1. I'd like the full set of residues that are surrounded by fewer than 21 Cβ atoms within 10 Å (Cβ to Cβ) and outside any helix (DSSP H, G or I), limited to the stretch 79-125.
2. Only one of these is closer than 30 Å to residue 218 by Cα and at pLDDT 90 or above: 88, 37. Name it.
3. State the number of residues belonging to the stretch 63-74 that are within 20 Å of residue 198 (Cα to Cα), outside any loop (DSSP other than H, G, I, E, B) and free of Cβ contacts under 8 Å to residues at least 60 places away in the same chain.
4. Determine if the stretch 92-100 includes at least one residue that is modelled with pLDDT of 85 or more and more than 18 Å from the chain's Cα centre (by Cα).
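The values are calculated or read from the model by the stated rules, or taken from the named source; none is laboratory data. Quick caveat: nothing in here was measured; it's all calculated off a predicted structure. With ideal geometry, Cβ positions are generated from the backbone for all residues, glycine too; neighbour counts draw on all protein chains shown.
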């Protein structure tokens, strides 16, 4: 936004909700698709999947956005791309190593890390109901983790790193100076292009290309279709993350992810064959899900209250203008200079006195100038 330009309009509640639903839907699709690639087809090459996703995103986002190519933007966005690469890799390793309900339970810690980073980095405080809801989610996740019969230390470590990096990534998306002059799709282009070399180096270092040649289903049509779908959906999850975080807040994006996980927990328990039912584990998952729903409902209520308050405040000048157009009596503003009405116009000028201007011209000039 250039100097002297008008401030950006506050997003409407409907726009905020649309961004949240877009993020939730994209996240569900990409998680289930990548889980099918790893579990149903046995394709255990997470770095290759991440590389394919970024290779798909880069040309598509450039064609759509046509962003300005600048080394200054490269330098500013390089740290964001590095965090994104680490985040994607940890997420894919965690998805491959854990059943869906357990993966989702551990993803609850994203909220905790977001709150901690906002508190100690951005100096932002949170009220006790917010902290209590997060506590319920974390407690349920710990109960579920303690009774997980398919315990995978590597998967647990990957998901917890994924949680921390996701929180850091969301906060950087919202607060990186280099993102201010870019559209969401343009920012996505830079992020994918800068991520590609790092992902390629990691893939080669891990030896995935040589091992992948012996994968038995590599030329299977069904596998190739699902792998292509997982690569293409990487565009929607990255784009929706940017959109939701820019329109809302990092904590709201984390909350949307937790609310989406409530549905995924139920579906994931039946869609894949790696979930072992255990009563205490199921109870922990239910407690964690309940905390997520509580937090989401409370956030929605607070957003609605804020919207109503803002709408009431915006009605004050509108009421004044309505009275002005009706030609009714103009009430005096408390503490305003003599002759100024609730609409912000001088009664002397409205009568056309001494200025040589029409009523509409005088009224328009005064609406554009602040009261002295």
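1. Scanning the stretch 79-125 gives 121, 122, 123, 124, 125.
2. Exactly one of 88, 37 is closer than 30 Å to residue 218 by Cα and at pLDDT 90 or above, namely 37.
3. Residues meeting the conditions: 1.
4. No, that holds for no residue.
The rows are residues; the columns are (1) free of Cβ contacts under 8 Å to residues at least 12 places away in the same chain; (2) in contact with a helix residue (DSSP H, G or I) (Cβ under 6 Å, 6 or more places away or on another chain); (3) surrounded by fewer than 14 Cβ atoms within 10 Å (Cβ to Cβ); (4) closer than 19 Å to residue 34 by Cα.
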site: 166; (1), (2), (3), (4): no, yes, no, yes
site: 172; (1), (2), (3), (4): no, yes, no, no
site: 185; (1), (2), (3), (4): no, yes, no, no
site: 189; (1), (2), (3), (4): no, yes, no, no
site: 199; (1), (2), (3), (4): no, yes, no, yes
site: 210; (1), (2), (3), (4): yes, no, yes, no
site: 225; (1), (2), (3), (4): yes, no, yes, yes
site: 231; (1), (2), (3), (4): no, yes, no, yes
site: 240; (1), (2), (3), (4): no, yes, no, yes
